[in-house]
Amino acid sequence: MWGKGGVGKSTLISDIYHSQEVNQMFEKHAYVTVLQPFKIEKLLSSLIFQLDARKVASTKVEDFTGLLDWCLQEKSCLIVLDDLSSTMEWDIILPCLLAMNSPSLVILITTRHEDIAKHCCKNPKCVCLLNGLDEKGACDLFTEKVFKDKATDLTKHYPELVEPANLILKKCNGLPLAIITIGGFLAEQPTKTCGEWMKLDRCISLEMEMNPKFEGVKTVLMKSYDGLPYYLKSCILYLSIFLEDRIVSRRRLVSRWVAEGYSEDTSTAKRYFMELLERSMILPTQISLCSTQGTDSCQVHDPIRDIIIKKSMEENLVFRLEEGCNSNNQGTFRHLAISSNWDGDEGQFEATMKLSCIRSLTVFGKWRPFYISDKMRFLRVLDLEGTKDLADYHLEHIGNHLHLRYLSLRGCEGIYYLPDSVGNLRQLETLDIKYTRITRLPRTIAKLSKLCQLKAGNESYIGEERPSLACCVPFACCCAMVIQAYAVKVPVGIGELKSLNTLQCVHLEWENAIIQEIEGLTNLRKLGVFGIDRGNGPEF
């Protein structure tokens, strides 16, 4: 059985293990939690003690294995291994268990990871995913815990509490452990009013941090984080940059991780994204229509978000400039995220932190000219996606940031052109100007020899293939989808960008020479074009 921390795996397995029906099926029973750091001798010693009530002085695995065989004496046996955290642990444990002399040996395993579950059991029918509670199940459990009565109907008996209850439950994300803990806390309060519950919702992160009654929830969630390999810890902490409830596209994350050096290439970064999904550290929010990866975007659920914000602050990784924050700490943070609700002035901005240490700048909401400072000499990532009030003249000196690897102006409707100085960004790997007003790229774009992704233009999915296109292109099977596109004109010299693997969306209608240049881009994996007709179709 696998599932995220706090979902109730151990509780369910424990109920099964202690049930009268299961007890009657087996002559011997043992329930072992796999502790960290993992030591096979301790695990085998615990098994022997539960199966035969004896302590073993030996420290040799061979002695433990022989005693296990003797303990069973051809009796049926049920063994539970709770919280297995790696395939290596299973590969060490399994030979010891297979040496046991039992006509009927059943092993139940709980883990947080799907890959471990599938590694332990080759029969997919015997692998079970335990999901969190749905909306109704979560509300029923919460109501029962708060009012100590299964018959209580929140909507009927306490309609004024429905809204704050839903807000609290959203933060619990279907985790029974979190629901039970918070429900138990509210049950002990002398008053149950809308105001009190709204107050708890606003400060629930602080309560979980300070109140010892929430220790169990914190422990489970921290264990989920602590169990991540080092490379995934960097990736999940990076998500603290984004606002609460923000849906973050896989495209955006993957490109930024590569630019920051968290991953060598996009394929590895995509694998990291999927690993975080499989470990339930992030939640899928949009299923892809055309991608083989299956999920286009994600969200961080609130309990995990609280942990990664705290951790990223402790490690001087991410500073979030927002209303009410300490804006005079002069910290050496690597990543700066400016929230839409921050309204400080330039002096406060300069005093916030050492701008020379900033490696990434992310702006949410309204743009202000002093956000980009010449002091940010080592800026690698400039993400202005969806920023309001950004104008062309704000980018005149963008070429001064020579270390930029990722530049996103996606969705900035006030941008009509790129300055020639963009050609100075020789380290740039991703340039995303989709959904801007840019219709033509400057000639200096051809100097960006390291550019891997150039995303421009505007597109919307139509969904039906038009038969009139079939005569233009002899490989019509490649037309997986049809889009309504608004493309950009690229300059002669685009063929020099040999590192490009993504180029979209390019206007071909008046520039047949561009087709010949595109032919030389042998690393291309994704190409978006506009303006193919019967005239240029054969050449394309």
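Details
- Pairs of Cα atoms nearer than 8 Å and 6+ residues apart set the relative contact order; for the chain it is 7 percent.
- Full-extension gain in nm, Lys118 to Glu323, via 0.36 nm per residue minus C-alpha separation: 69.2 nm
- Helix 61-72 axis versus longest C-alpha principal axis of the chain: approximately 50°, rounded to the nearest ten.
- Between the alpha-carbon centres of the range 83-134 and the range 1-72 there is a gap of 13 Å.
- Over all directions, the projected convex hull of the C-alpha atoms in the chain averages 32.1 nm² in area.
- Förster-model FRET efficiency, 56 Å R0, Glu396 and Met88, C-beta, rounded to 0.05: 0.55
- Normalised convex hull volume, the range 9-126, alpha-carbon set, Å³ per residue: 108
- Spin-label model, Lys136 to Ser421: label points 7 Å out along the Cα-to-beta-carbon direction sit 6.0 nm apart.
- Placing pseudo-labels 7 Å out from each Cα toward the beta carbon at Leu108 and Ser340 gives an inter-label distance of 4.8 nm.
- Label zone at Asp265 (point 7 Å along Cα-to-Cβ), backbone N below 16 Å, the range 388-422: none
- Mean ellipticity per residue at 222 nm, deg cm²/dmol - from DSSP H runs of n ≥ 4 across the chain, formula -39500 (n - 2.57): -10500 deg cm²/dmol
- Of all DSSP beta bridges confined to the chain, the antiparallel ones make up roughly 20%.
- Listed by chain and number, the lysines whose alpha-carbon sits under 28 Å from that of Lys148, ignoring those within fewer than 8 places in the same chain, are Lys4, Lys9, Lys136, Lys156, Lys170, Lys171, Lys192, Lys199, Lys213, Lys218.
- Here Met281, Met1 are placed in order of increasing Cβ neighbour count within 10 Å, fewest first, which gives Met1, Met281.
- For Lys498, the aspartates and glutamates whose Cα comes closer than 15 Å to its Cα, not counting residues fewer than 8 places off in the same chain, are Glu429, Glu517, Glu519.
- Panel order for Ser104, Ser249, by other beta carbons found within 10 Å of each beta carbon, from fewest to most: Ser104, Ser249.
- Spin-label model, Gln50 to Asp374: label points 7 Å out along the Cα-to-beta-carbon direction sit 6.8 nm apart.
- Taking other Cβ atoms within 10 Å as a rough exposure proxy, Thr387, Thr332 sort from fewest to most as Thr332, Thr387.
Each value in this text was obtained by applying a stated rule to the coordinates, not by laboratory testing. All figures in this text were calculated on a predicted structure; none of them were measured in a lab. Positions of Cβ are backbone-derived with ideal geometry, glycine not excepted, and every protein chain shown enters the neighbour counts.
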